[in-house]
Amino acid sequence: MNIFHISAECYPIAKIGGLADVVGALPKYQANKNVSATVLMPFYNNTFTQTHIFTSIYNGTITLGHEEFDFRVLKVNEDVLEFPVCFVDVPELLYKNFIYSYDDAKRFLAFQIACLDWMLTLDNRPTIIHCHDHHTGLIPFMAQECYKYEELNTIPVITTIHNAQYQGWFNYDKFHLIPKFNNENSGLLDWDGQINPLAAAIKCAWRVTTVSPTYMEELKKNANGLETLLSNERNKCIGILNGIDTKVWNPETDSFIVENFSKTTVQSGRAANKKWICDTYNLDINKPLFAFIGRLVGEKGADLLPEALKIVLESKQCNVLVLGSGEKQREEALEAIKVNNKGLYNTYIGYDEKLSHIIYAGTDFLLMPSRVEPCGLNQMYALRYGAIPIVRSIGGLKDTVIDISNNGFGICFNTLTVKNIVDSIFRGIALYENQNKFKDIRKSIMTIDHSWDKSAKDYLNLYQSIN
Ligand code: ADP
Ligand code: GLC
């Protein structure tokens, strides 16, 4: 079986969030003697592409409406990735120092057309095309409907929805950019009077997956406008829980963290990482540390965090560190709390992969007050590094974190309110005071198995069922 994963992000090449982590891990766990899994992604102008040497394996030209753009398919020369990656280089549109920005409809349409044009030329075509999120949402449609791709329409196409909040909508003024097809079927592209790539993918893909079973159920009731579509298509939809890459996220070998540790050395290892955080961010090592890592947007509950943190910090019983970036207003509100809470509160507004690893390794608790969380990887990284997650029970958080009061290991709440965030943090402070119980939980969570092994098999079974 020859699987092509098509995605805008892939760790360690280009990452904004969990999409990159998933696409950078799943192929490793799918490959075996009968299965190869290749990632197709855009060639961006970033540290990875600037510091490696590439060979062109294909040169072509794509047509986007009345314009033509040269493109190449590249492979990296050195053996630095643990799975094959083909980079689609459309220099004028994709080779930028960002992943997402203005004009993404045109940029990602170019990417998708180049992927399909190139596939037409291959002797060894994929047996499965696995698309990720709306940036690749027109592939299921184009492979099925566009005249020029007729030869590809027998290849099963799967779409995974990592986040249905973002659908890639664009207006009909770009309709002409899509290669020719029978216009009677243009309804497949439409949702609510706009071209909607995610809706088109849900309609045309052979199977649709989401990244946790609970999120799949939630989407039928709340999917940013796509509820009825997902309900109608429910027979081809399935929720498969993400895993984590236990080769990258391993406290025993992680080269980003200050001191490595195992279950038996967790006490001293975590203490060293916490000390580094407290020294670097001027926090109090003797108090419990609560951290937040993520995009500072409403989906992650970042709008309620400042209010909740102000209340908690007034008690002077804990430290809080926030690592994230996103909406300006949220960033400023979180920065503003610093003034009155020196020595107990700090922020790093920005993206820092190394710091995120150190935080998982050193924080006592990880906060995830998400409004929407299709899966969430942070809580699984926290568990593996022995940090206790505090989560709103929604989506994948509900599938992966069980409250201590239910014989579990985390702190959970149902309704997203400032009060519930505050109360949950105080539950954490109380747990920290009971050091025996706190340390027992910390040790036990490190052994919970969230590796990709099971979910990678679930995907393979799904592919087999339609092949
Ligand atoms: P989402 O994809 O919705 O942002 P996930 O929980 O699936 O959420 O994945 C987030 C990923 O991005 C994790 O690997 C997390 O550590 C990382 N991350 C998020 N924000 C930052 C940041 N500011 N700096 C470093 N890593 C971050
Ligand atoms: C999305 C979701 C997140 C999920 C990630 C990987 O970004 O917001 O919950 O973990 O994709 O599937």
Out of Gln167, Gln194, which single residue is over 17 Å from Gly239 (Cα atoms) and within 16 Å of ligand 1 (Cβ to nearest atom)?
-> Gln167
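Could you check the stretch 428-467 and list, in sequence order, the residues that are assigned to a loop (DSSP other than H, G, I, E, B) and either more than 20 Å from the chain's Cα centre (by Cα) or charged (D, E, K, R) (or both)?
Asn434, Met446, Thr447, Ile448, Asp449, Asn467
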Output for the stretch 204-220, where each listed residue is assigned to a loop (DSSP other than H, G, I, E, B) and more than 15 Å from ligand 1 (Cβ to nearest atom) | Ala205, Trp206, Lys220
Which listed residue is in contact (Cβ under 8 Å) with a residue 40 or more places away in the chain, farther than 25 Å from Pro197 by Cα, surrounded by fewer than 18 Cβ atoms within 10 Å (Cβ to Cβ) and of a type outside the set (Lys, Arg), from Tyr58, Tyr95, Tyr100, Tyr29 = Tyr58
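Residues are listed down the side, and each one gets a yes or a no for (1) outside the structural domain of Leu64 (by TED's automatic domain parsing); (2) assigned to a helix (DSSP H, G or I); (3) away from ligand 2 (no atom under 14 Å from the Cβ); (4) free of Cβ contacts under 8 Å to residues at least 12 places away in the same chain:
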{"site": "Phe141", "(1), (2), (3), (4)": "no, yes, yes, no"}
{"site": "Gln144", "(1), (2), (3), (4)": "no, yes, yes, no"}
{"site": "Tyr149", "(1), (2), (3), (4)": "no, yes, yes, no"}
{"site": "Ile155", "(1), (2), (3), (4)": "no, no, yes, no"}
{"site": "Thr159", "(1), (2), (3), (4)": "no, no, no, no"}
{"site": "Gln165", "(1), (2), (3), (4)": "no, no, no, no"}
{"site": "Lys174", "(1), (2), (3), (4)": "no, yes, yes, no"}
{"site": "Pro179", "(1), (2), (3), (4)": "no, no, yes, no"}
Is the stretch 341-359 home to any residue that is within 23 Å of Asp403 (Cβ to Cβ), in contact with a strand residue (DSSP E or B) (Cβ under 7 Å, 6 or more places away or on another chain), more than 16 Å from ligand 2 (Cβ to nearest atom) and part of a strand (DSSP E or B)?
-> no
Candidates Ala164, Ala200 - the one that is closer than 24 Å to Phe69 by Cβ, crowded, with 24+ Cβ neighbours inside 10 Å and in contact with a Leu (Cβ under 9 Å, 6 or more places away or on another chain) = Ala200
Here the qualifying pairs (Cβ atoms under 9 Å; residues six or more apart or on different chains; first in the stretch 386-405 and under 18 Å from Asp423 (Cα atoms); second outside any loop (DSSP other than H, G, I, E, B) and among the basic types (Lys, Arg)) come out as Ile388/Arg442; Ile390/Arg427; Val391/Lys398; Arg392/Lys398; Ile404/Arg427; Ile404/Lys437
Selection from the stretch 451-467 of residues buried (at least 18 other Cβ atoms within 10 Å of the Cβ), of a type outside the set (Ser, Thr, Tyr) and in contact with a Phe, Trp or Tyr (Cβ under 9 Å, 6 or more places away or on another chain) yields Trp452, Ala456
Residue list for the stretch 335-362, restricted to those being among the polar types (S, T, N, Q) and more than 18 Å from the chain's Cα centre (by Cα) | Asn340, Asn341, Asn346, Thr347
Can you find a residue in the stretch 116-126 that is assigned to a loop (DSSP other than H, G, I, E, B), crowded, with 22+ Cβ neighbours inside 10 Å and touching a residue at least 40 places away in the same chain (Cβ under 8 Å)?
-> yes
Going by the structure shown, is Ser405 within 12 Å of ligand 1 (Cβ to nearest atom) and either among the polar types (S, T, N, Q) or assigned to a helix (DSSP H, G or I) (or both)?
-> no
Please report, ordered by residue number, the helices (runs of 4 or more DSSP H) entirely within the stretch 1-62 with at least 3 residues that are more than 26 Å from Ser101 (Cα to Cα).
-> 26-30
Being away from ligand 1 (no atom under 16 Å from the Cβ), under 27 Å from Lys236 (Cα atoms), in contact with a Phe, Trp or Tyr (Cβ under 8 Å, 6 or more places away or on another chain) and of a type in the set (Phe, Trp, Tyr) narrows it down to one of Tyr95, Tyr147, so name that one.
-> Tyr147
Output the helices (runs of 4 or more DSSP H) that fall wholly within the stretch 225-322 and possess 3 or more residues being not assigned by TED's automatic domain parsing to the domain that holds Ile158, or say none.
-> 266-281, 305-314
If we scan the stretch 368-379, do we find a residue that is within 16 Å of ligand 2 (Cβ to nearest atom), assigned to a strand (DSSP E or B), within 15 Å of Pro306 (Cβ to Cβ) and not aliphatic (A, V, I, L, M)?
-> no
Would you mind telling me which numbered condition in (1) polar (S, T, N, Q); (2) within 16 Å of ligand 2 (Cβ to nearest atom); (3) surrounded by fewer than 19 Cβ atoms within 10 Å (Cβ to Cβ) Asn34 fails?
-> (2)
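The values are calculated or read from the model by the stated rules, or taken from the named source; none is laboratory data. This structure is a prediction, so every number in the text was calculated from the model and none was measured. Don't worry about glycine lacking a Cβ; one is built from the backbone with ideal geometry, like all the others, and counts go over all protein chains shown.
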